[in-house]
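Some notes on the structure that comes next.
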Ligand SMILES: C[S@@+](CC[C@H](N)C(=O)[O-])C[C@H]1O[C@@H](n2cnc3c(N)ncnc32)[C@H](O)[C@@H]1O
């Protein structure tokens, strides 16, 4: 069955589903491997020198909060997200962490930004592109609003590589494909980034690649597995019973120390030509 990635339509979701998303975003934001990938590109783009940062598809504001917590960062972060519920969560988390004064979170669609051109030193899309209808349009907007000499980052999972293993390899392949279909709109977009960037006059500065594999016990992948109980049926790709059976099997594998879950993650750091 054809699926609808819930992350692609967060402006149309009920609060129970959005709470599951908040839990996933905040849980992975505490994972050392995930935060390490974020810090790698913040260092590489010399974010501490930026006065104005745009955080697209900001969700609960994880990236903006991480930037504001850097001792040498003295600028401000502006987050934009499709979901009013997630934007309100981002404001609360930022206020709780003392970043309320230096962050601004607003509802918007990144395909068409109501922002002046050349107005940000740094523009970041952190796990947004895989959920977009038109990644080219969004990269075009990023190229438009970044100032000359500024930096653009696109970071995401290369979700065509996402895989979870079960006892039966063939069932594993089928279920991994269904999980990708349930959670992602553009599973191969991170392989297309240089072609898209070329069309928008962006030049590649750095590229980082990672494999986030957990074998034995799951940690990073636990909240993804738990989230699928709700997001899987919400996508239309699987029933609640199927999603729960799959999640139960994954968590049991983790308990037994035989879990295997993995995805590649890539960062592209661009600058305007
Ligand atoms: C996987 S979450 C990432 C959130 C955050 N960047 C993080 O990494 O914690 C993807 C986010 O993109 C938002 N989103 C999806 N499509 C969007 C669009 N067209 N415009 C703005 N936000 C969008 C979703 O609401 C969601 O918060």
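Taking the alpha-carbon centroid of each part, what is the distance from segment 168-199 to segment 215-273 in angstrom?
The two parts, judged by their Cα centres, are 13 Å apart.
Rounded, prolate or oblate for segment 181-220? Axes are the square roots of the Cα gyration tensor eigenvalues, ordered a ≥ b ≥ c, and the cut-off for rounded is a/c under 1.5.
In terms of gyration-tensor shape, oblate.
Counting only DSSP beta bridges with both residues in the chain, tell me the antiparallel percent, nearest 5.
Percentage antiparallel, nearest 5: 55.
Going by a ≥ b ≥ c, the root eigenvalues of the Cα gyration tensor, does segment 1-152 fall in the rounded group (a/c under 1.5), the prolate group (a/b larger than b/c) or the oblate group?
The shape class here is oblate.
log10 I(q)/I(0), Debye, Cα-only segment 83-170, no solvent, q = 0.12, 0.25 Å⁻¹?
At q = 0.12, 0.25 Å⁻¹ the computed log10 ratios are -0.51, -1.30.
By counting other Cβ atoms within 10 Å of each Cβ, how are 126, 111, 200 ranked from fewest to most?
Exposure proxy ranking, most exposed first: 111, 200, 126.
At q = 0.09, 0.15, 0.16 Å⁻¹, what log₁₀ I(q)/I(0) does a Debye calculation on the Cα points of the chain give, no solvent, two decimals?
Once normalised to I(0) and log-transformed, intensities are -0.40, -1.11, -1.26.
If you build a Gaussian network model of the chain, linking Cα atoms that sit under 10 Å apart, which residue out of 224, 118, 143 swings the most?
Highest fluctuation of the listed residues: 118.
Looking only at 184, 258, 138, which one moves most when the chain is put into a Gaussian network model with springs between Cα atoms under 10 Å?
258
Contact order normalised by length for the chain, with contacts defined as Cα pairs under 8 Å and 6 or more residues apart; what percent is it?
The normalised contact order for the chain reaches 22 percent.
Bear in mind that the values in this text are calculations on the coordinates, not laboratory data. The shown structure was predicted, so the numbers you read here are calculated from the model rather than taken from an experiment. Here the Cβ is made from the backbone with ideal geometry for all residues, glycine too, and neighbour counts use every protein chain on show.
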